[in-house]
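The values are calculated or read from the model by the stated rules, or taken from the named source; none is laboratory data. In this text, all values refer to a predicted model and were calculated from it rather than measured experimentally. Cβ placement follows ideal geometry from the backbone for every residue including glycine, while neighbour counts extend to all protein chains displayed.
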Amino acid sequence: MSAVPTDAAEFAPPAGLLAQLPDVLDYEWSAQLLESVLSTLLGLLLIVVVAEVVWVIARRLIRRAVARSRNPSQSRRNDLRRKVGLSEGDPVTTERRAQRADAVGALVSSIVGVVIWGMAGIMALGEIGLEIGPLIAGAGIVGVAIGFGAQDLVKDFFSGVFMLIEDQYGVGDVVDAGEAVGVVEGISLRTTRIRDVTGTLWHVPNGEIARIGNMSQEWARALLDVDISYGTDIDAASEIIEGVATQMAREPEHVEDFLGDPEMWGVQDLGADSVVLRLVIKTRPGAQWAITRELRRRIKVAFDVADVEIPFPQRTLWLRTDQSFSLRDGGVDAWEDGVPSVETRRRAIAAAAAGGRRAAATDDETVPDAEEAGEHGGGTDAGDAGDVGRG
């Protein structure tokens with residue numbers, strides 16, 4: 001056996017220290033690694049648990065809100081009836097309201113889910129040691145770039161969200177969106193599809209709709225303007241029109257379309273050739289056009305039977321001259337400016353209050369004779385005309 005050199009033996013460490021050093025190093029490193037891994041896993045588990053608890057609570061609240069929207073309370077039903085003018089027996093909770101509540105609930109649920117789990121993901125990245133500051137800054141820059149590049153898309157999306165939440169219109173409604181007027185066939189968060197009366201399908205971006213008119217939401221009103229000649233008795237014509245509408249409202253095939261009794265509003269306009277009478281009817285949404293078409297047909301038949309004249313363009317020709325002349329062997333007197341007397345004006349006011357020319361003419365007190373008319377300045381000479389004109 002060879003001897004160990006003296007210099008090597010002097011610098012060699014004890015055998016026990018060399019044997020224990022790896023054990024000490026392995027134990028400390030393993031303990032630190034295990035502690036770090038466990039801490040990270042516990043942090044991630046806590047983030048996931050908290051996010052799941054928040055997500056479950058949020059979904060439960062959203063489901064309750066959707067259920068209340070689908071089936072509103074009795075007080076809310078009464079408020080809606082007073083707002084839209086429905087009677088007690090009319091259904092307020094409709095299938096359309098249920099569909100809108102489900103759609104809004106799904107949209108809100110998706111947005112809340114993205115927000116909750118997005119925040120949980122960012123916190124998880126920070127827990128494993130990644131710098132989330134640069135990630136958030138980069139995401140912000142990307143979001144700004146997308147916002148500037150897709151402004152119209154973002155505008156359409158938010159307009160669609162608010163349209164859905166506010167229930168401005170739905171599939172099957174007749175709307176006026178400016179150039180596009182027709183029936184809504186489809187709705188998305190970006191566009192609305194409208195079919196007009198000619199069959200053209202309009203694709204309207206939601207962000208481009210500056211105003212919308214819904215002609216078939218909750219209830220509708222049929223406005224029917226009927227022209228009669230000036231020689232027709234207004235009260236008689238009004239009675240015929242209102243009677244025809246009332247009879248139609250009581251028929252079994254039309255009773256569901258009428259939400260109230262027809263109302264005769266009276267004289268709407270005094271036109272050049274006719275007197276316009278207005279009839280209004282509160283109807284089921286979308287039924288107002290069919291009702292007005294059928295009423296026009298029935299009123300025409302009723303007018304023919306009652307000999308009520310449908311007006312036609314007519315004009316009165318006035319020939320003014322200072323000299324008398326003949327027209328087809330008939331003498332025509334010279335023109336004189338006629339000024340109604342005070343008594344005549346008083347009789348005209350009384351006739352308006354009495355309801356017609358015949359009612360006023362039968363009143364002896366309001367019909368002056370020739371002598372009374374002369375005493376009250378009923379003459380038409382130039383002096384009287386000038387005095388009244390100056391008065």
Inset, instruction - Just one of (1) among the acidic types (Asp, Glu); (2) farther than 30 Å from GLY172 by Cβ; (3) at pLDDT 90 or above trips up ASP225, so point out which. - result: (2)
Inset, instruction - With respect to ILE228, determine if the residue is touching a residue at least 24 places away in the same chain (Cβ under 8 Å), aliphatic (A, V, I, L, M), over 18 Å from ILE291 (Cβ atoms) and in contact with a Pro (Cβ under 9 Å, 6 or more places away or on another chain). - result: yes
Legend entry - Residue check for ASP304: over 36 Å from the mean Cα position of the chain (by Cα), part of a helix (DSSP H, G or I) and modelled with pLDDT under 90: yes
Inset, instruction - Name the strands (runs of 3 or more DSSP E) wholly inside segment 185-280 in which the number of residues that are in the same structural domain as LEU295 (by TED's automatic domain parsing) is 1 or more. - result: 220-228, 263-270
Legend entry - Near pairs, Cβ below 8 angstrom, 6+ apart or cross-chain, from segment 47-69 (assigned by TED's automatic domain parsing to the domain that holds ALA101) to any residue that is in a helix (DSSP H, G or I) and among the acidic types (Asp, Glu): ILE47/GLU127; VAL66/ASP102
Inset, instruction - Considering every residue within segment 295-302, establish whether at least one is in contact (Cβ under 8 Å) with a residue 12 or more places away in the chain and under 26 Å from GLY213 (Cα atoms). - result: yes
